[in-house]
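Working notes, beginning with the structure itself.
The values are calculated or read from the model by the stated rules, or taken from the named source; none is laboratory data. Nothing here was measured: the structure is a model prediction, and the numbers come from that model. Note that we place each Cβ from the backbone using ideal geometry, even for glycine, and neighbour counts take in every protein chain shown. To get the accessible areas, we keep the full protein, side chains included, count just its heavy atoms, and leave off ligands, DNA and RNA. Shrake-Rupley method; radii C 1.70, N 1.55, O 1.52, S 1.80 Å.
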Amino acid sequence: MTDQSPAASQPESRTNELWGGRFASGPAEVMERINPSIDFDRRFWREDIQGSKAHAEMLVAQGIVSAADGAAIAKGLDEIWGEIESGRFKFSRALEDIHMNVESRLREVVGEPAGRLHTARSRNDQVALDMKLWCRGAIDDLEVELKALQAALIDQAERHADAVMPGFTHLQVAQPITFGHHMLAYVEMFGRDRGRLADCRRRLNESPLGSAALAGTPYPIDRFRTASALGFDRPTANSLDSVSDRDYAMELIAAAGICAVHMSRLAEELVLWTTAQFRFVRLSDGFSSGSSIMPQKRNPDAAELVRGKAGRVLGAFTALSLVMKGLPLAYSKDMQEDKEPVFDAIDTLGLCIAAMTGMIADMEANPAAMRRAVEAGFPTATDLADWLVREAGLPFRDAHHVAGRLVKEAETRGCGLADLPLDVMQAAHPALDERIYQVVSVEASVNARTSYGGTAPERVREQVAEARRRFLDGGGS
């Protein structure tokens, strides 16, 4: 085996030799810059070699290629795998893409048998196969990463099942909740993200290999054999659709975009919660930065970057959708533009998940600050209204009006609802008695919300156990 690369061993005119005798002259200089995809599709090298090995084994099994040639092809592909893995393989832009780079090097390694590998396939079904295999692997990686993030959130929820904090609507204090309950809300969001990715994986798991350019092939191939060998559920049913479909790629980055939105919402809350005005949490030094001029600053840069990168992931879906929206069947070179947005979206999301998992795992909650905040915004006004409905039989709208009057009175006096004298309470409505003070405390409000999925600490602990069972122990979504 030599260490000679395709780039070193072949002149640029090799590009024309790959097309047989159809072209008499070389490509224009700008064509040499716009046409190659090897700068980014080299990431497919594992998938490309895996697909080629499965294809070669099938050709031998079907008697299309001799066993000797099949063995030579397999040995050569293993050798190329080792060269790429070790960094010794030199990729050539003159050979355009990963498929031709591998095939050209295979011819150098094994000679004439290499020319038989492309029997009964096209670069059209080859790239569709590589893309599907790569997307499937990306989904499997994201599944692991999201599961780790959920585990960090569940751990925080368990530690803080009793920590009272304000729940917000319109970013105004609404009702008391627990910090554990808040953490579990994101566990559910990321669970749905895992579900969307699993759905995408099920739909994409059909093999396009053997569809050839667009119409199938006259060779007696066995597409079920190659599909099984590569871990697919079945081969695709229509050769035109096989080579022109990128639904799975769009679906993957659409799911990634929704996940990025969830990540951005959590990141935004971390940014708010770490401010001096909130102080609900403290991020570790590993996920914070300082200021070059203001020594007191402690900036939540990791959270801000996660928030910002969501736009990049969403933009990838827009870009790929616009590439695909006007294409007639079957393959067009426009589809070469599918890879960079998919790669970038998945790389970006994976980085964001890792950063978020680290932030959540290391995060220190501040229950005292949360408690001060929840007491400042009359969060038990709804509890007061609910008491009047239950105990005095008032219509809720009338009870809402009474509670609103008492909130205004407490605001004027600069105190909480629980600090209002009883005579003031009864002036608002005579049915109010000493029992109301057991209702308008923060603890009473939180503990009373025992409905399924509610914020009561006993329910949060149940939800923690259930979340571990649903998302971690069983590995499901």
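In the list Leu106, Leu133, Leu77, Leu117, which residue meets the criterion of being crowded, with 18+ Cβ neighbours inside 10 Å and within 18 Å of Val342 (Cβ to Cβ)? Exactly one residue qualifies, and that residue is Leu133.
Inspection of segment 141-150 finds no residue satisfying the criterion of being open to solvent by 10 Å² or more (accessible area, probe 1.4 Å) and farther than 19 Å from His262 by Cα. Counting only helices (runs of 4 or more DSSP H) that fall entirely inside segment 381-449 and contain at least 1 residues that are under 30 Å from Arg461 (Cα atoms), the qualifying elements are 381-392, 442-448.
Output the residues belonging to segment 361-393 that are on the phi > 0 side of the Ramachandran plot and crowded, with 16+ Cβ neighbours inside 10 Å.
Residue satisfying the conditions is Phe378 alone.
You will find that of Leu252, Leu272, the residue that is assigned to a helix (DSSP H, G or I) and touching a Cys at 6+ places or on another chain (Cβ under 7 Å) is Leu252 and no other.
For the residues Gly308, Gly358, Gly350, Gly315, the requirement of being over 30 Å from Ala215 (Cβ atoms), surrounded by fewer than 20 Cβ atoms within 10 Å (Cβ to Cβ) and touching a Leu at 6+ places or on another chain (Cβ under 8 Å) singles out Gly350. For Gln62, the conditions (1) among the polar types (S, T, N, Q); (2) under 30 Å from the mean Cα position of the chain (by Cα); (3) surrounded by fewer than 22 Cβ atoms within 10 Å (Cβ to Cβ) all hold with the exception of (2).
Looking only at residues that are among the acidic types (Asp, Glu), under 21 Å from Ala54 (Cβ atoms) and part of a helix (DSSP H, G or I) in segment 81-131, which one is farthest from the chain's Cα centre (by Cα)? Top of the filtered list is Glu103. Once segment 271-297 is narrowed to residues that are modelled with pLDDT under 90 and surrounded by 13 or more Cβ atoms within 10 Å (Cβ to Cβ), the residue that is farthest from Ala365 (Cα to Cα) is Gly290. Applying the selection to segment 151-183, what residues are open to solvent by 10 Å² or more (accessible area, probe 1.4 Å), closer than 22 Å to Ala444 by Cβ and in a helix (DSSP H, G or I)? Result: His181, His182. Six or more apart or on different chains, Cβ atoms under 9 Å: show the pairs whose first residue is in segment 283-310 and over 24 Å from Ile258 (Cβ atoms) and whose second is modelled with pLDDT of 90 or more and open to solvent by 80 Å² or more (accessible area, probe 1.4 Å). As it stands, the answer is Leu283/Glu364; Ser284/Glu364; Ser288/Arg282; Arg298/Arg282, since those pairs meet every condition given. Within the bounds of segment 184-203, is there any residue that is crowded, with 20+ Cβ neighbours inside 10 Å, among the charged types (D, E, K, R) and either closer than 30 Å to Met363 by Cα or more than 18 Å from the chain's Cα centre (by Cα) (or both)? Checked against the condition, which is being crowded, with 20+ Cβ neighbours inside 10 Å, among the charged types (D, E, K, R) and either closer than 30 Å to Met363 by Cα or more than 18 Å from the chain's Cα centre (by Cα) (or both), segment 184-203 yields at least one hit.
Checked against the criterion of being in a helix (DSSP H, G or I), within 30 Å of Asp245 (Cα to Cα) and out of contact with any His (no Cβ under 6 Å at 6 or more places or on another chain), segment 299-310 has at least one qualifying residue.
Is it the case that some residue within segment 231-243 is hydrophobic (A, V, I, L, M, F, W, C) and outside any helix (DSSP H, G or I)? Before you say what the answer is, go through the steps one by one.
Narrowing segment 231-243 to residues hydrophobic (A, V, I, L, M, F, W, C): 232, 237, 240, 243.
Cutting the leftovers down to outside any helix (DSSP H, G or I) gives us 232, 237.
Scanning segment 231-243 turns up at least one residue that is hydrophobic (A, V, I, L, M, F, W, C) and outside any helix (DSSP H, G or I).
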